[in-house]
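Here's the structure we're looking at; comments come further down.
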Amino acid sequence: KVKAQLEEKEGKTFEVFTAVEFKTQVVAGTNYFIKVHVGNEEFMHLRVFKSLPHENEQLSLHSYQSSKTKHDELAYF
């Protein structure tokens, strides 16, 4: 659901976009930290926010880190 948001921020299209790991953090909603394979040996870490159900908002790409590898630890950022 956030692929288009990331593509817009990066100004490019990702042929491969596969989540390989995730962690969650409960706040006033939920932060999802997701390691995504975007092709070749390149990975990105995404921070996606999901609001509480009564707020009825879409998932939003809060921030991301590029130039990651498969073995980089997925941590809060």
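Looking only at residues that are under 25 Å from residue 15 (Cα atoms) and outside any strand (DSSP E or B) in region 49-72, which one is most open to solvent (accessible area, probe 1.4 Å)? Here the answer is 71. Does any residue of region 19-35 turn out to be in contact (Cβ under 8 Å) with a residue 12 or more places away in the chain and on the phi > 0 side of the Ramachandran plot? Yes - at least one qualifying residue is present in region 19-35.
For residues that are in contact with a Ser or Thr (Cβ under 9 Å, 6 or more places away or on another chain) and assigned to a strand (DSSP E or B), scanning just region 10-30, find the one that is farthest from residue 53 (Cα to Cα). Here the residue is 24.
Let's see how each residue does on (1) open to solvent by 50 Å² or more (accessible area, probe 1.4 Å); (2) not in a strand (DSSP E or B):
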| residue | (1), (2) |
| --- | --- |
| 4 | yes, yes |
| 8 | yes, yes |
| 32 | yes, no |
| 35 | no, no |
| 38 | no, no |
| 43 | no, no |
| 47 | no, no |
| 74 | no, yes |
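The values are calculated or read from the model by the stated rules, or taken from the named source; none is laboratory data. Quick caveat: nothing in here was measured; it's all calculated off a predicted structure. Using ideal geometry, Cβ is built from the backbone for each residue, glycine included, and neighbour counts are taken over all protein chains shown. Please note that ligands, DNA and RNA were not included when accessible areas were found on the heavy atoms of the full protein model with its side chains. Shrake-Rupley method; radii C 1.70, N 1.55, O 1.52, S 1.80 Å.
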